[in-house]
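The values are calculated or read from the model by the stated rules, or taken from the named source; none is laboratory data. Everything quoted here is computed from the prediction, not taken from an experiment. Methodologically, a virtual Cβ is constructed for each residue, glycine included, from the backbone with ideal geometry; neighbour enumeration extends over all protein chains shown. Calculation scope for accessible area: heavy atoms of the full protein, side chains included, ligands and nucleic acids excluded. Shrake-Rupley method; radii C 1.70, N 1.55, O 1.52, S 1.80 Å.
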Amino acid sequence: MTTLLYYAPGSASFLVHWLLIEFGMDYELRLVDFDSDAQKSPDYLALNPNGVVPTLVIDGKPLHEAPALALWLAERHPQSGLAPGPDDPRRFALLQWMFDLANEVQPLVRQWWFPDPVAGPEQREAVKAHAGRRVAAHWRRIDAHLAAHGPFLLGAEPTVPDFFLVLLMRIGRKMETPALDFPQLAELARRMTARPTFATLYQREDLGEWP
């Protein structure tokens with residue numbers, strides 16, 4: 001099986017790349033150069049018509065949407081314990097957190113980084129301020145959940161939503177109120193980034209800065 005990951009360092013593809021490493025999968029990286037707008041090229045749009053990363057190509061079939069890919073990969077590796085199965089009492093919580101992060105938090109983090117498409121360049125700072133406040137409120141909510149039910153989103157052990165959460169925490173690191181300002185989120189980040197696979201991921205994507 002040939003597996004290709006089209007990625008940009010530190011972007012949403014970070015989540016899928018991390019899990020490929022976690023599961024010991026053989027894969028090849030294909031850099032999508034945002035500086036040259038490679039994500040808008042005809043060749044790339046033929047793989048992913050949304051013009052974003054990641055795109056995971058398995059045996060010639062392109063797949064996209066990072067949260068869906070993350071859950072799919074975890075379900076294909078049940079021995080990892082990262083995706084409780086249909087009969088597990090934690091199953092609904094798994095799905096709820098994946099949708100929560102994808103629908104509530106990720107769009108706001110993206111708006112903070114790319115405010116112009118929301119309301120035009122003249123409203124850039126207003127959009128960033130609004131998105132930043134709303135993300136901070138989500139951090140506060142998630143931190144309270146972890147205090148009551150943690151140390152991970154589903155309890156005692158990490159699952160795929162925790163990997164997703166770390167991605168969003170990292171992308172939001174430059175906001176006025178970053179996730180690491182909240183003690184339970186900071187502890188979750190400490191535990192997750194201590195995984196050997198995180199160091200491998202950072203090395204392969206040549207990342208720094210966080211945590």
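So here's what we get for this one:
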{"read-out": "Residue match in the range 133-144 (condition: of a type outside the set (S, T, N, Q), under 30 Å from Ala74 (Cβ atoms) and over 19 Å from the mean Cα position of the chain (by Cα))", "value": "yes"}
{"read-out": "Hits in the range 101-126 - residues which are surrounded by 19 or more Cβ atoms within 10 Å (Cβ to Cβ) and among the β-branched types (Val, Ile, Thr)", "value": "Val105, Val109"}
{"read-out": "Evaluation of Glu75 against (1) closer than 23 Å to Val105 by Cβ; (2) open to solvent by 40 Å² or more (accessible area, probe 1.4 Å); (3) in contact with a strand residue (DSSP E or B) (Cβ under 8 Å, 6 or more places away or on another chain) (one fails), failing number", "value": "(3)"}
{"read-out": "Asp43 being without any contact (Cβ under 8 Å) to a residue 12 or more places away in the chain and out of contact with any Gly (no Cβ under 8 Å at 6 or more places or on another chain)", "value": "yes"}
{"read-out": "Residues that are open to solvent by less than 50 Å² (accessible area, probe 1.4 Å), in a helix (DSSP H, G or I) and either over 9 Å from Pro54 (Cβ atoms) or of a type in the set (Lys, Arg) (or both), drawn from the range 1-39", "value": "Trp18, Leu19, Leu20, Ile21, Glu22, Ala38, Gln39"}
{"read-out": "Flag for Leu201 being under 22 Å from Trp72 (Cα atoms), hydrophobic (A, V, I, L, M, F, W, C) and in contact with a helix residue (DSSP H, G or I) (Cβ under 9 Å, 6 or more places away or on another chain)", "value": "yes"}
{"read-out": "Long-range neighbours under 7 Å by Cβ, at least six apart or interchain, first residue without any contact (Cβ under 8 Å) to a residue 60 or more places away in the chain within the range 178-191, second open to solvent by 60 Å² or more (accessible area, probe 1.4 Å)", "value": "Leu180/Pro211; Phe182/Arg140; Gln184/Ala147; Ala186/Leu180; Ala189/Leu180; Ala189/Pro211"}
{"read-out": "Conditions (1) open to solvent by 80 Å² or more (accessible area, probe 1.4 Å); (2) in contact (Cβ under 8 Å) with a residue 60 or more places away in the chain; number of the one not met by Trp97", "value": "(1)"}
{"read-out": "Odd one out for Leu69, checked against (1) open to solvent by 60 Å² or more (accessible area, probe 1.4 Å); (2) at pLDDT 95 or above", "value": "(1)"}
{"read-out": "Count - residues of the range 54-66 that are open to solvent by less than 30 Å² (accessible area, probe 1.4 Å) and out of contact with any Pro (no Cβ under 9 Å at 6 or more places or on another chain)", "value": "3"}
{"read-out": "Wholly enclosed helices (runs of 4 or more DSSP H) of the range 64-131 bearing at least 2 residues under 26 Å from Tyr6 (Cα atoms) and over 18 Å from the mean Cα position of the chain (by Cα)", "value": "116-119"}
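The rows are residues; the columns are (1) within 17 Å of Thr197 (Cα to Cα); (2) hydrophobic (A, V, I, L, M, F, W, C); (3) at pLDDT below 95.
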position	(1), (2), (3)
Met1	no, yes, yes
Gly10	yes, no, no
Gly24	yes, no, no
Tyr27	yes, no, no
Gln39	no, no, no
Ala46	no, yes, no
Val52	no, yes, no
